[in-house]
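Take a look at the structure set out below.
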Amino acid sequence: MIIHKTDSSHEDARGLFLCVVNNALRKYADLNYTITRKDTWRGDHYHKSTNEYFFIISGKIKLVLQKVANGVICEEREYIFSQYDAFEIEPYENHIIHCLDDTVWISLLTESFDDNNPDFFKVEK
């Protein structure tokens, strides 16, 4: 996982300007806007080739990140993210998101979702 800094900002009497994505070399294929209610879960899957970038607009989440090798979880870490935090899930990282508050985020994926050949996998438990 990559934790991105969103500290390239400017705030004055007009409001706030915040750089959300500053990676000229990375191309994203999908942009998603997600609203999730408090005490609900999303994710519990991993990708084999897609990177997924998240930017929290409002709310608070607990991210459970599980590294996957040969279809098995080999390492697990937990993180707390809230408003204006940004992070990127890399291939073979199972990600489970628990919303601690009503939460709004955008996510960008490096590959478009394909119903016929999804890069979307579940860990056998």
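Every number here is computed from the coordinates shown, using simple stated rules; none is lab data. Just so you know, these numbers come straight off a predicted model, no measurement behind them. Here the Cβ is made from the backbone with ideal geometry for all residues, glycine too, and neighbour counts use every protein chain on show.
Less than 5 angstrom separates the built amide H of Lys60 from those of Leu100, Asp101, all sequence-distant by 5 or more or on a different chain. Counting charges near Lys67 (Lys, Arg +1; Asp, Glu -1) among other residues having Cβ under 10 Å from its Cβ returns a value of -3.
Residues Thr34, Thr40 in ascending order of nearby Cβ atoms (within 10 Å, fewest first): Thr40, Thr34. Taking other C-beta atoms within 10 Å as the exposure proxy, Leu65, Leu100 rank Leu100, Leu65 from fewest upward.
Sorted from fewest to most neighbouring beta carbons within 10 Å, what does the list Trp105, Trp41 look like?
Trp41, Trp105
Cα convex hull, segment 16-125: 112 Å³ per residue, rounded to a whole number. Scalar couplings 3J(HN,Hα) for segment 103-113, obtained by applying the Karplus form with A = 6.51, B = -1.76, C = 1.60 to θ = phi - 60°, are 9, 10, 8, 10, 10, 10, 10, 6, 9, 5, 5 Hz; x denotes Gly and Pro. Build a GNM of the chain with springs between Cα atoms under 10 Å: which of Asn51, Asn94, Asn70 gets the top mean-square fluctuation? For the chain, modelled as a Gaussian network with Cα springs under 10 Å, the answer is Asn70.
In summary, the lysines within cross-link reach of Lys122, defined as a Cα separation below 21 angstrom excluding same-chain residues under 8 places away, comprise Lys48, Lys62, Lys67.
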